[in-house]
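The structure appears right after this line, and notes come after that.
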Amino acid sequence: MTDWIQAWQCIGCGKIEAPQPCIGVCRDRRILMVGKEVHERALAEIAALHAQLAQARAMLQRFALATPHEGQWERSWLALQAELRDALAVLASVPESSLHE
């Protein structure tokens, strides 16, 4: 579980403060932060992408491990091609925004 730090952000300039006890050696440095909602949306999108990849992996594993019965090569090949198209469709359903952010 992620620990959250509550801070104050200026609605004008965006300055963020999170008061802490100072021991006299403080030095400010620039950091990048995101809001909790943005972070949680990203985590949800990552979980959805992992689920899509797991589904596609399971479908592709069937393709990799298949051994047709004697005399059934063409029928098996056509069936596996159909399954492979389904797996590719799962991968194609990844939101375009996930690829560029």
Original post:
Between a first residue in the stretch 52-78 that is surrounded by 11 or more Cβ atoms within 10 Å (Cβ to Cβ) and a second residue that is hydroxyl-bearing (S, T, Y) and assigned to a loop (DSSP other than H, G, I, E, B), which pairs have beta carbons less than 6 Å apart while being 6 or more apart in sequence or on different chains?
Top reply: none
Original post:
Picking from E40, E70, which residue would you name as being of a type outside the set (A, V, I, L, M, F, W, C), under 13 Å from the mean Cα position of the chain (by Cα) and modelled with pLDDT of 85 or more?
Top reply: E40
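Considering each of G12, G24 in turn, give the residue that is of a type in the set (G, A, S), on the phi > 0 side of the Ramachandran plot and outside any helix (DSSP H, G or I).
Every option except G24 fails the conditions.
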**OP:** Answer yes or no as to whether L99 is at pLDDT below 85 and in contact with a Phe, Trp or Tyr (Cβ under 7 Å, 6 or more places away or on another chain).
**Re:** no
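The values are calculated or read from the model by the stated rules, or taken from the named source; none is laboratory data. Treat the numbers as computed from the prediction; the structure is a model and nothing was measured. Cβ: placed from backbone, ideal geometry, glycine included. Neighbour counts: every protein chain shown.
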